[in-house]
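Student: I'd like to ask you about the structure that follows.
The values are calculated or read from the model by the stated rules, or taken from the named source; none is laboratory data. The structure displayed is predicted, hence computed values, not measured ones. Heads up, the Cβs are rebuilt from the backbone with ideal geometry, glycines too, and the neighbour counts pull from every protein chain shown. Only protein heavy atoms, including side chains, enter the accessible area calculation; ligands, DNA and RNA are left aside. Shrake-Rupley method; radii C 1.70, N 1.55, O 1.52, S 1.80 Å.
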Amino acid sequence: MSNPDLESDVVIVGSGMGGGTTAYALAKKGVNVLVLERGERLPSEKQNWDPKEVFLNKRYKSKEVWVDSKGKKFEAGVHFYVGGNTKMYGASLPRLREKDFEELQHLEGKSPAWPFTYWDIEPFYVEAEKMYKVHNNVGENPTEPPRSEPFPYPALPHDPYISALATRLKKAGVTPHSNSMGIDYGDDGKCIVCRTCDGFACRVGAKSDAEINAINPALLTGKVKLQTSAEVIKIELTDDGKRVDYLLVKGPNGEYKVRGKKFVLSCGAVLTSALLLRSKSVKAPNGVANSSDMVGRNFMMHVNTHIAAFDFKRKNNVTFQKTLSFSDWYFDGGKGYPLGIIQLIGKVQGIMMKSYATKVPLPILNYIANRSVEFLVMNEDLPSKENRVTIDEKNQVKITRKPVGMRTHKKLMKKTLKVMRKSGYQAIFKQPFDLSMNAHQCGTTVSGNDPKKSVVDQYCKTHDVENLYLIDGGFFPSSASVNPALTIAAQALRVVAKSDLAK
Ligand SMILES: Cc1cc2nc3c(=O)[nH]c(=O)nc-3n(C[C@H](O)[C@H](O)[C@H](O)COP(=O)(O)OP(=O)(O)OC[C@H]3O[C@@H](n4cnc5c(N)ncnc54)[C@H](O)[C@@H]3O)c2cc1C
Ligand code: SF4
């Protein structure tokens with residue numbers, strides 16, 4: 001039995017942060033939407049919160065394998081579910097800073113201006129923060145951007161260990177502030193505050209993700225249909241090459257076509273550009289929407305290191321760890337150049353370290369984990385045309401990347417380690433991110449005003465194909481130094497409100 005061909009006014013490919021939020025916003029405007037998602041719903045089961053199942057057995061990770069510039073295979077950090085990567089994400093939902101939208105000189109080059117300003121997207125940050133239940137307090141973070149409304153919910157309280165850490169960090173000369181967290185927390189909230197949030201799926205549906213906060217309410221409007229196990233494998237253009245005619249979809253019962261008036265690709269930065277490139281034909285010899293040769297270029301994923309700061313005198317019995325950051329060097333690390341931010345991550349347990357410290361006995365890892373606190377040290381990965389996604393001769397996704405931000409990262413690490421030592425930690429373990437840790441992937445279909453230098457315009461509409469929009473991390477012209485998901489959501493809301501997508 002084969003699937004019947006499908007049709008809708010707007011067809012969205014991917015149900016993650018970009019696709020899910022777009023579907024929700026379109027549904028609210030009364031537009032008929034079909035969402036095609038290659039994954040299924042992530043089941044609520046006891047393994048959701050089992051670190052061994054999640055980190056060692058990689059129960060929820062996709063089987064997707066990509067290759068690096070030398071052809072070496074690696075497991076891609078992507079998850080194919082309704083809600084996409086947000087099912088497993090850490091729900092840290094900060095805004096970019098005002099200056100991140102402007103051209104900014106960094107140590108290793110210029111971070112380009114975006115084709116719209118902070119104030120163009122600010123009202124949609126407000127909306128996205130409400131939609132994804134963001135908790136924080138105004139005025140704690142010295143580098144936070146101005147805002148037209150306060151956060152919709154107050155900051156999550158710190159565990160006692162984190163409150164004490166905040167005091168020690170202040171004494172060490174930095175300004176700890178609360179993280180912007182998207183969690184259904186509080187008297188009426190569903191969050192039961194557990195140890196397994198960042199990197200895990202929430203078993204009780206309390207983490208603000210694109211399934212719970214976007215797709216499910218969108219389905220309730222009756223305007224949205226969701227087709228799961230539906231992998232789009234090709235975009236077919238009309239004969240003149242100016243419009244998408246239909247999508248070719250692979251489902252459990254074979255291939256079928258999906259037609260629509262307008263199409264949105266939200267497969268995540270890498271897989272959206274891969275789909276465009278794999279859809280090359282005589283009508284689009286360089287790939288769909290790629291007359292500029294910019295599809296796949298400017299791949300970014302932040303320059304990141306996880307650190308575990310270890311203090312043998314102090315036990316860390318924290319439950320929810322990801323409540324604090326410090327951003328003092330975001331714009332100026334002392335010599336006028338931006339550095340980045342230092343953000344707590346979810347509590348790492350010994351068994352989770354086993355996935356990379358494979359030879360260290362578990363009791364030693366547990367001893368360390370019980371006395372350590374873990375941070376993400378993150379800075380901007382400047383865009384480069386040479387850092388790119390291509391499709392190799394075996395039809396595999398190939399990522400070529402040389403991070404442009406390593407000198408900045410070294411400086412940021414040096415300053416961070418100094419602060420950690422001053423705060424009482426005797427040893428600091430480091431895990432620099434490799435290509436497989438591409439959680440913050442962005443760029444590859446960058447937005448801009450010049451069709452020769454960018455793939456989409458400021459409203460994520462492709463310059464080349466009249467009825468095709470790309471709404472996911474791909475549109476970022478620069479990566480800034482904060483987590484990307486809130487900006488993807490805010491832009492999705494902005495595109496629906498301001499462009500002709502909903503018309
Ligand atoms: C472990 C982890 C922790 C993270 N923590 C944070 C955090 O704390 N804060 C933050 O801001 N960001 C975080 N991120 C990143 C965040 O999840 C992403 O930035 C965000 O989900 C990207 O949204 P997107 O729309 O670009 O893609 P995704 O959310 O990845 O959605 C893409 C969707 O497209 C589907 N898809 C792909 N190809 C096809 C196809 N051909 N046909 C049909 N469907 C397809 C996928 O199955 C998926 O559902 C984290 C990510 C991970 C993995
Ligand atoms: S801390 Fe709350 S939101 Fe996070 S996984 Fe646990 S219950 Fe869910």
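Student: Testing D464 on (1) of a type in the set (D, E); (2) within 13 Å of ligand 1 (Cβ to nearest atom); (3) more than 21 Å from the chain's Cα centre (by Cα), one condition comes back false. Which one is that?
Tutor: Going through the list (1) of a type in the set (D, E); (2) within 13 Å of ligand 1 (Cβ to nearest atom); (3) more than 21 Å from the chain's Cα centre (by Cα), D464 breaks only (2).
Student: Then there is this: Counting just the residues of region 68-77 that are open to solvent by 10 Å² or more (accessible area, probe 1.4 Å) and not charged (D, E, K, R), which one comes out nearest to P484 (Cα to Cα)?
Tutor: Filtering region 68-77 for residues open to solvent by 10 Å² or more (accessible area, probe 1.4 Å) gives 68-75, 77.
Those still in the list that are not charged (D, E, K, R) too: 69, 71, 74, 77.
Values: S69: 25, G71: 28, F74: 23, G77: 15 Å.
For region 68-77, the residue satisfying everything is G77.
Student: I would also like to ask the following. Determine if region 358-365 includes at least one residue that is part of a strand (DSSP E or B), open to solvent by less than 20 Å² (accessible area, probe 1.4 Å) and not aromatic (F, W, Y).
Tutor: Quick first cut of region 358-365, residues part of a strand (DSSP E or B) only: none.
No: region 358-365 contains no residue that is part of a strand (DSSP E or B), open to solvent by less than 20 Å² (accessible area, probe 1.4 Å) and not aromatic (F, W, Y).
Student: Now for a separate question. Within region 195-231, can you find the residues that are open to solvent by 30 Å² or more (accessible area, probe 1.4 Å), within 14 Å of ligand 1 (Cβ to nearest atom) and on the phi > 0 side of the Ramachandran plot?
Tutor: S229
Student: Taking only region 178-193 into account, find how many residues are of a type outside the set (D, E) and within 16 Å of ligand 1 (Cβ to nearest atom). Give the steps one after another, and end with the answer.
Tutor: Taking region 178-193 first, the residues of a type outside the set (D, E) are 178-183, 185-186, 189-193.
Applying the additional criterion that residues be within 16 Å of ligand 1 (Cβ to nearest atom) yields 178-183, 185, 191.
Residues flagged as of a type outside the set (D, E) and within 16 Å of ligand 1 (Cβ to nearest atom) within region 178-193 amount to 8.
Student: Return a yes/no flag: does region 209-221 have any residue that is touching a residue at least 40 places away in the same chain (Cβ under 8 Å), farther than 14 Å from E37 by Cα, within 16 Å of ligand 2 (Cβ to nearest atom) and charged (D, E, K, R).
Tutor: Yes, that holds for at least one residue.
Student: Across region 26-44, which residue is nearest to ligand 2 (Cβ to nearest atom) among those that are open to solvent by less than 20 Å² (accessible area, probe 1.4 Å) and small (G, A, S)?
Tutor: Only one residue tops the list, namely G39.
Student: Please determine whether any residue of region 230-246 is modelled with pLDDT of 95 or more, under 25 Å from T86 (Cα atoms), in contact with an Asp or Glu (Cβ under 9 Å, 6 or more places away or on another chain) and not in a strand (DSSP E or B).
Tutor: Yes, region 230-246 has at least one match.
Student: I would also like to ask the following. Only one of these is surrounded by fewer than 16 Cβ atoms within 10 Å (Cβ to Cβ), among the hydrophobic types (A, V, I, L, M, F, W, C) and near ligand 2 (Cβ under 9 Å from one of its atoms): I192, I183. Name it. Spell out how you get there, then give the answer.
Tutor: Values: I183 fails: surrounded by fewer than 16 Cβ atoms within 10 Å (Cβ to Cβ).
Result of the check over I192, I183: I192.
Student: Next question, about the same structure. Please list, ordered by first then second residue, the pairs with beta carbon atoms under 9 Å, 6 or more apart or interchain, first in region 36-47 and over 13 Å from R59 (Cβ atoms), second open to solvent by 90 Å² or more (accessible area, probe 1.4 Å) and of a type in the set (D, E, K, R).
Tutor: R38/K250; S44/R203
Student: What are the pairs with Cβ atoms under 8 angstrom where one residue, in region 92-105, is at negative phi and the other, located anywhere, is basic (K, R)? Sequence gap at least six, or different chains.
Tutor: Between residues of region 92-105 that are at negative phi and residues that are basic (K, R), the close pairs are S92/K322; R95/R147; E103/K110; L104/K110.
Student: Turning to a different aspect of this structure: Take region 283-326 and flag every residue that is in contact with a strand residue (DSSP E or B) (Cβ under 7 Å, 6 or more places away or on another chain), open to solvent by 20 Å² or more (accessible area, probe 1.4 Å) and part of a loop (DSSP other than H, G, I, E, B).
Tutor: K283
Student: Six or more apart or on different chains, Cβ atoms under 8 Å: show the pairs whose first residue is in region 397-413 and at pLDDT 95 or above and whose second is assigned to a helix (DSSP H, G or I).
Tutor: V397/V270; V397/L271; V397/A274; I399/V270; P403/H409
Student: Filter region 80-111 down to the residues that are surrounded by fewer than 23 Cβ atoms within 10 Å (Cβ to Cβ), among the basic types (K, R) and in a loop (DSSP other than H, G, I, E, B) and list them by number.
Tutor: R97
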